[in-house]
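Report on the structure given below.
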Amino acid sequence: MSDSAARDRDAAETESAFSHPALTPDASAAYGSHPDQTIDFYAPHDGRTGAPVVVVLHGGAWRAPYDRLHVSPFAGFLARRGFAVASVEYRRGSEIPQQRGSGPVAGRWPETFDDVAAAMDALPELLARELPGADARRIVVTGHSAGGQLALWAAARHVLPEGSPWRLPRPPALRGVVALAPIADFTSAIELDVCSGAIGQFLGREEDFAARRAHADPALLLPTGIATAVVQGTTDLTVPQAVVEAFVDAAAKEGETVGLTLLPDVGHFPLIDPAADACAVVAEEIAQLAW
């Protein structure tokens with residue numbers, strides 16, 4: 001396929017994924033005082049009790065313009081598949097105005113990680129209140145793109161460096177993590193300039209970069225002992241396949257097997273597009289861990 005045709009298909013896939021109207025959740029709850037510290041809850045459409053829980057962490061290069069609304073159709077899709085869904089918002093970008101023409105900055109250190117950790121820690125109590133019929137003993141975390149990085153990170157908090165404010169004393173109580181086209185290996189992502197320098201913006205100044213990376217790069221937070229699967233399109237122009245393969249290789253070197261599902265001729269956004277066949281594959285990967 002020519003570069004032009006690849007870009008045209010990518011544009012069509014992106015348009016399809018963003019064509020769905022935002023879906024109103026069944027309930028929302030705050031896990032902190034900041035407006036972005038919110039979780040939307042979607043009840044399983046079949047009304048079943050004991051449904052497993054899927055925690056959704058949205059992508060968008062950790063940048064402020066991209067919030068959880070764009071994954072609400074995906075959350076609704078999972079709810080129609082019988083899952084209870086918790087879609088997490090978190091602080092992104094920067095409250096500091098950027099120079100004209102520079103665009104939104106990626107991530108906020110340490111607030112983005114503060115929020116994901118706080119949301120995960122608050123989840124059992126919030127589930128008991130907002131979705132009391134859900135089975136909080138069966139939780140799978142999923143995330144797309146930058147949210148895939150956060151999902152992998154949420155499953156790796158027990159192997160964070162000693163002294164990390166987010167480190168857990170034991171593995172989190174998860175059935176597993178399904179990362180969708182995740183920014184999972186910072187070395188390869190930087191080499192490929194994934195999301196136009198987002199990782200460098202997120203981790204900050206050169207003198208901070210190495211230390212912060214040790215707390216953030218999923219490829220350095222291995223092995224986790226948590227069941228992990230990755231779903232990746234082979235024609236993804238946003239997070240290329242090489243990024244995910246580098247993460248899977250890093251896991252193998254640490255003695256950990258990561259399931260890798262490659263979807264031929266699929267780009268970045270079909271993974272969260274309810275109209276795309278790839279989204280059904282994602283739901284099946286989640287179901288294999290959840291049930």
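Please report how far the C-alpha centroid of segment 157-185 lies from that of segment 19-97, rounded to the nearest whole angstrom.
Using only Cα atoms to place each centre, the spacing works out to 20 Å.
For a test of the definition: using alpha carbon positions, the gyration tensor, and the 1.5 limit on a/c, classify segment 142-291 as rounded, prolate or oblate.
oblate
Rounded if a/c is under 1.5, else prolate if a/b is larger than b/c, else oblate: which is the chain, with a ≥ b ≥ c the root eigenvalues of its Cα gyration tensor?
Rounded, since a/c falls under 1.5.
Which ³J(HN,Hα) values, rounded to whole Hz and listed in residue order, are derived for segment 185-193 from phi using the Karplus coefficients 6.51, -1.76 and 1.60 in 6.51 cos²θ - 1.76 cosθ + 1.60 with θ = phi - 60°, glycine and proline given as x?
Listing the rounded values in order: 9, 5, 4, 5, 5, 5, 4, 8, 6 Hz.
How about segment 151-212: which GluC sites (Glu not before Pro) there lie in a loop by DSSP and see at most 16 other Cβ atoms within 10 Å?
Sites meeting the loop and neighbour criteria: 162.
Each residue of segment 157-166 in order: what ³J(HN,Hα) in whole Hz does its phi give by Karplus 6.51 cos²θ - 1.76 cosθ + 1.60, θ = phi - 60°, with x for Gly and Pro?
5, 6, 10, 4, x, 3, x, 5, x, 9
Would you mind counting up the charge near residue 142? Only other residues with Cβ under 14 Å from its Cβ, with Lys and Arg at +1 and Asp and Glu at -1.
+2
Near the amide H of residue 51, under 5 Å away, which other amide H atoms are found, from residues 5 or more places off or on another chain, if H is placed in the peptide plane?
135
Near the amide H of residue 263, under 5 Å away, which other amide H atoms are found, from residues 5 or more places off or on another chain, if H is placed in the peptide plane?
Amide H neighbours of residue 263: 232, 233, 234.
Enumerate the amide H contacts of residue 82 below 5 Å, restricted to partners 5 or more residues apart or on another chain; note that Pro and chain-start residues carry no placed amide H.
Under 5 Å from the amide H of residue 82 lie the amide H atoms of 45, 46, each far enough along the sequence or on another chain.
In whole Hz, what ³J(HN,Hα) sequence does segment 272-279 give by Karplus (6.51, -1.76, 1.60; θ = phi - 60°), x for Gly and Pro?
Computed from phi, the couplings for segment 272-279 are 10, 9, x, 7, 9, 4, 4, 5 Hz.
Within 10 Å of each candidate Cβ there may be at most 13 other Cβ atoms; applying that plus a DSSP loop requirement, which chymotrypsin sites (Phe, Trp or Tyr not before Pro) in segment 1-62 survive?
Here the chymotrypsin sites (Phe, Trp or Tyr not before Pro) that fit, given the DSSP loop and packing criteria, are 18.
State the percentage of accessible surface on the chain attributable to carbon and sulfur atoms; use a 1.4 Å probe and exclude ligands, DNA and RNA.
50 percent
Counting only C-alpha contacts under 8 Å and six or more residues apart, can you give the relative contact order of the chain as a whole percent?
It rounds to 19 percent for the chain.
The values are calculated or read from the model by the stated rules, or taken from the named source; none is laboratory data. Predicted model only: the values in this text are computed from it and were never measured. A quick note on method: Cβ atoms are made from the backbone with ideal geometry, for glycine too, and the neighbour counts reach across all protein chains shown. We work out accessible area using only protein heavy atoms, side chains counted, and drop any ligands, DNA or RNA first. Shrake-Rupley method; radii C 1.70, N 1.55, O 1.52, S 1.80 Å.
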